[in-house]
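Sharing a structure, written as structure tokens. Questions coming.
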Protein chains: 6
Amino acid sequence: MKLASDVDLRKIAAMTSGFSGADLANLINEAALLTARENKDAVTMKELSEAIERVTAGLEKKQRVLQEEERRRVAYHEAAHALVAHVLPDADPVHKVSIIPRGFAALGYTMQRPEEDRFLLTRNELCSRIQVLLAGTLGEELVFEEISTGAHNDLERATELARSMVTDYGMSRLGRVTYRQTTSSGLLDGGAGTPREYSEKTAQMIDDEVKYLIDELIEGTRKVLFEKKVGMEALAKKLIEVEVVDAETLAKLL
Amino acid sequence: MKLASDVDLRKIAAMTSGFSGADLANLINEAALLTARENKDAVTMKELSEAIERVTAGLEKKQRVLQEEERRRVAYHEAAHALVAHVLPDADPVHKVSIIPRGFAALGYTMQRPEEDRFLLTRNELCSRIQVLLAGTLGEELVFEEISTGAHNDLERATELARSMVTDYGMSRLGRVTYRQTTSSGLLDGGAGTPREYSEKTAQMIDDEVKYLIDELIEGTRKVLFEKKVGMEALAKKLIEVEVVDAETLAKLL
Amino acid sequence: MKLASDVDLRKIAAMTSGFSGADLANLINEAALLTARENKDAVTMKELSEAIERVTAGLEKKQRVLQEEERRRVAYHEAAHALVAHVLPDADPVHKVSIIPRGFAALGYTMQRPEEDRFLLTRNELCSRIQVLLAGTLGEELVFEEISTGAHNDLERATELARSMVTDYGMSRLGRVTYRQTTSSGLLDGGAGTPREYSEKTAQMIDDEVKYLIDELIEGTRKVLFEKKVGMEALAKKLIEVEVVDAETLAKLL
Amino acid sequence: MKLASDVDLRKIAAMTSGFSGADLANLINEAALLTARENKDAVTMKELSEAIERVTAGLEKKQRVLQEEERRRVAYHEAAHALVAHVLPDADPVHKVSIIPRGFAALGYTMQRPEEDRFLLTRNELCSRIQVLLAGTLGEELVFEEISTGAHNDLERATELARSMVTDYGMSRLGRVTYRQTTSSGLLDGGAGTPREYSEKTAQMIDDEVKYLIDELIEGTRKVLFEKKVGMEALAKKLIEVEVVDAETLAKLL
Amino acid sequence: MKLASDVDLRKIAAMTSGFSGADLANLINEAALLTARENKDAVTMKELSEAIERVTAGLEKKQRVLQEEERRRVAYHEAAHALVAHVLPDADPVHKVSIIPRGFAALGYTMQRPEEDRFLLTRNELCSRIQVLLAGTLGEELVFEEISTGAHNDLERATELARSMVTDYGMSRLGRVTYRQTTSSGLLDGGAGTPREYSEKTAQMIDDEVKYLIDELIEGTRKVLFEKKVGMEALAKKLIEVEVVDAETLAKLL
Amino acid sequence: MKLASDVDLRKIAAMTSGFSGADLANLINEAALLTARENKDAVTMKELSEAIERVTAGLEKKQRVLQEEERRRVAYHEAAHALVAHVLPDADPVHKVSIIPRGFAALGYTMQRPEEDRFLLTRNELCSRIQVLLAGTLGEELVFEEISTGAHNDLERATELARSMVTDYGMSRLGRVTYRQTTSSGLLDGGAGTPREYSEKTAQMIDDEVKYLIDELIEGTRKVLFEKKVGMEALAKKLIEVEVVDAETLAKLL
């Protein structure tokens, strides 16, 4: 995939912050296909933007028919996300909740303030983000007793954030040392990655710390959901009924 | 292998969900050969679809002659798959069972509802899938006392599902943390994979958990097969006789 | 090495089943040389077939002169293979034994039913194959007291089979879990391999299990050779005399 | 990225000393974009210089609007850097402190004597550099009680310096032995890197030593900040007011 | 380096058996240079043969002037090789000993029967080879009390042989299991190597076994050298005097 | 970087013996730049020679102005190198000492007999080389109490020599076994390196042995420097005064 000269990688990076590896792979595919369809030699900003839009928001495939049970589950999952984002003081406010399936992976989504509006995040704000991510699966668990594969992307992003707190931001009991998974050693080798430089014992301490952090935050999130279960159910039912709920309605319901 | 612009990778991904690495390698070979035979420059959706069909279902090679003993073994193997899929409440219903050899690897198959019809799978549904996969080899064991190499693909897929439950879906005692084997760190390195980021101790806990999960499910599956052995034998004998059994006949036999 | 469109990789795979990595490297060299000699652009089925023939059977280099002592050793080595293959009920029958040196590596060979005739192998059949492979070096040991480098390829293939029983076929005390050395994660990365995903402790258990399996089978094979030493010696002497022994003569001698 | 013949890599290396891997990746992107915009075939010294300028100093994006709370945090962060650089005898003198956001990552900066003016650094000088780097996050902690993601780059560079003291300069309890993460073994392999050559136990000792060094230096830095808190607050308030403070004003305030 | 169609890789392999990795790298360089000098597109058998000759035997650089002390050391080193090769019953007979420096690395050599004349090597023969290799450095030690860097290539080849005995030929206490450092898994991946598949514990057992084997053989070799020290000294002095000693003279001296 | 046919890699290797990986990277850059400036297609011996000269000796940049303190430190550093080289019986004699900065990295140098004049090095000679390398930093320590980053290259080369003594030359308590970091397995894979083949326990023993060797040699070197401190100071002062000291003056001063 050759990039056209108008591509501003900084903008792309900003627009794709928070993307998982799979999301990026998806994005690259989309952009390549769009470029090929327009018979262009190089990917321009236009294709990249459209590809990002498709990947992030997905194509509003009304024709996709979820099983009734799946739809209920999605509603409770999103309601739990929205509830926790609404309740936690350090979480970004919710703009919209939807259970209209979009794109290949997203069966629903809760839209908060875009992440690129912020330049610094405090420890509490990071913790709140993790709690909002964990809320979906914990909500499912509270209502349906068993969880589903729908939690995968949330758990992955929550784990990544927790891992960054430990290895990049010095926000854990491992102290103010950073631990890089890969290193690029400079101009000469083109920045090619080398294997992790820290020891197995350190790797183990990082794993333990990440798990400890997530477990702590699950505890707190469960408490919130349990206390506000009525609100969550009201929101879930509303979602099943009207599919999309905006900030105003949300505030009334909770 | 250059891809034509009409190739929709999302569709391909949906059509090949559940494929093992070997299946994908096979698929690529098939598609490349088909494209070469038609003197095309790039693989189009047509070749990919045909290749998928060939790999999944295989070519109905009537001429392939199994040894009589092998054929009996295949019949019991498929009968066990079908029986467990029929009995477990969370397993997808069986449409057809066949012992007509198809393609290079498949000596028989049990057809259930296509996986792409579902968007979410609950923990119980995943467990049922694993049990259906394990049933083939456990059926062989019950009847012939020793197992065969025919179980390889089933065991591989069962292990993959169990591993995903542990590392991707937060469905084990390791908690709601995800563990990625490889990571792609973003646009800049083209998504190239890096070695696993978790520690050896964590790798060991994952292995133990996967083994524990499989062992538990084997227990349950063995019980089902033992209790319904008469039904399994009836189905196996029917298969040896008529080669293909549909849902209706299956229900009658069991 | 570009492949011509008439190349059927399935057929190639079938014809090279049981090849070691070194055999395949040899095969690729041979095919490339043959293609170059015929000034072709791509390797066709013809060159591949001839290369396979050369590699498997080797070129009957009558001119290669083995030392007398080496020739005796080869005769006992092949006689031991043939004897064990003849005696074990689950081993494939022997068609021919030869000590005419063929190709670069093979100083002699024992020909059994081609492996591609079978689609399923039971645990006992796999064990018998390993025992036939081990027999050569154990026969040398019984007669000459020390073993030679001639056992290398046999030991490699025996180890591979034993390892497959443990990691692929669920036929060991490690249970019905598969352990993949490398994984290809799908279409997007072209199937590139990643490092093994299991833990060091699991790697150790696999090593122990493989060694245990081989040691057990050595025990049994030694017993067979010891009991039938007279037959082995008769066959070895016949081989030294006439170089090639067919199934009929073999049956008479044993 | 092809380099023009006028590129003096030694100069580039001097101008980018202290760059992290991410900085270099950024630099390469910038240079590539600039070259593409001017339709040149190869990157010349001109583009590289401009790219370095952009990456180091950033583009003075007045339009970027930080949240008020973020701005306060940045002010205290930079004030702490400047204070510690001012106070420690072995630290380079401060020329300017600014909280005008520059470029993509830098929200503020403290300018000291350029690193390329020095050819040798003593152990004390290295320790002082680490302390100046750590000061930012410790200042945030002192005032706001929780730290932010703004510390990431500082912590990464501090960790790198500490690691170099241990593995490259023989300045730790591990003695006068060097420990290379990667090695290039000569002309023949083009200098390709190989995995680390030291043992896991050594890796662990390195990790422990780096952590010990950082912890020691945090202790000292905290003491400085605590004792001079009044000065730091005065400087921070001045920064919030006028955005840029020069060496003279700084000296007066502290 | 493109290979001409007349290149017979089997022959090359036979001619370079026993080459170390560095020797092969040297060989490739030589062949590439020769090909370039003759303005050919591809390396033919002619260049390869000449390159092998150069690398193995070296260019008889009479002009290279060794220090007197170095020359004495080389003489004792080669005398020790020759003595042990002469004395051990399973070692190949010595044809010529020389201390005329040849090529870049070889300062002297002891010529035995070419290795490609043998197809099988017994355990005793391998042990004898290792003892001949070890003799050079042990002879130096006996006479000069400290050893030199001249032993490097001998030690490397001795270690490789010992390692092969353990990992390839089943000739150690680790039993009849093979342990491959790298594996090539087949046609599809072009035979690319994967990391070692055995566990750390096994790697440790292999290391211990290799060391045990070498230590045992050093013991025996030291005894031979000690008992025949007079002969070794006579041969060394003869070498210093006439530079080259043939089989006949050697037999007389010992 | 394409090599012209007149390039004699053996000569290059001889001229760059003792180069670190970074030196070689530097060399390649220099050669590439020189070739580009002369608009040549391939690097000839001329450019390589000039590049080696530049890298080894550096460009005598008179304009580079070291801080006074740095200059004093360099003088004592070089004086210590020269002193130890002068005193140790097995070290090569000193020809010249200089503190005129040359090139990018070398702030001073002590010139001994070129390494390519020797073909064999004894254990004592290697130990003396390591001691000369260690002397620089130990001299700094003796005079200034703390060491500087100037020791990096010396420590790296000392560590490499010590490591070679352990892993390549059989000169440590690990015995006459070689331990290769990477292996190239032959013609077929083009000599590509594979990961280290020895176990973690062995890696640990190697690390311990290298450290032990360096620690022992530091002890001895410290004693020499302490006893001859007056001579070292005289030489250092002379160097500060006249910048370059030849062998004769050196002998007088010491």
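The values are calculated or read from the model by the stated rules, or taken from the named source; none is laboratory data. Being a predicted model, the structure only gives us computed values, none of them experimental. In this analysis, Cβ positions are derived from the backbone assuming ideal geometry, glycine residues included, and neighbour counts consider all displayed protein chains. Ligands, DNA and RNA are stripped out before the accessible areas are found, and what is left, the full protein with its side chains, is counted by its heavy atoms. Shrake-Rupley method; radii C 1.70, N 1.55, O 1.52, S 1.80 Å.
Cross-link partners among lysines for residue D:252, C-alpha distance below 21 Å, same-chain residues fewer than 8 apart left out?
D:96, D:228, D:229, D:237, D:238
Write out the GluC sites (Glu not before Pro) in the stretch A:118-160 meeting two conditions: DSSP loop, and at most 14 other Cβ atoms within 10 Å of their Cβ.
Those that pass, being in a loop and sparsely packed, are A:145, A:146.
For residue B:164, which inter-copy label distances result when the label point lies 7 Å beyond Cα on the Cα-to-Cβ vector, reported in nm to one decimal and in ascending order?
Output for residue B:164: 2.7, 2.7, 4.6, 4.6, 5.4 nm, nearest copy listed first.
Return the residues of the stretch E:139-156 for which accessible area with all protein chains present is lower than in the chain on its own by 40 Å² or more; set the probe to 1.4 Å and exclude ligands, DNA and RNA.
Flagged in the stretch E:139-156: E:146, E:147, E:149, E:152, E:155, E:156.
Using a 1.4 angstrom probe on protein heavy atoms only, which residues from the stretch A:200-228 are buried by at least 50 Å² of accessible area when all chains are present rather than their own chain alone?
A:200, A:201, A:207, A:211
Taking each label point as 7 Å beyond Cα in the direction of the beta carbon, state the distances from residue E:8 to the same residue in the other copies, shortest first, in nm.
3.4, 3.4, 5.8, 5.9, 6.7
What's the carbon and sulfur percent of the stretch C:198-254's accessible surface, probe 1.4 angstrom, rounded to a whole number?
So the carbon and sulfur contribution to the accessible surface is 52 percent.
Assuming R0 = 60 Å, what is the FRET efficiency of residue F:246 and residue D:234, from their Cβ-Cβ distance, to the nearest 0.05?
That gives a FRET efficiency of 0.55.
Another question about this same structure. Find the sum over both chains of the accessible area lost when D and A are paired, probe 1.4 Å, and report it in Å² to the nearest 100.
That pair hides around 3900 Å² of surface in total.
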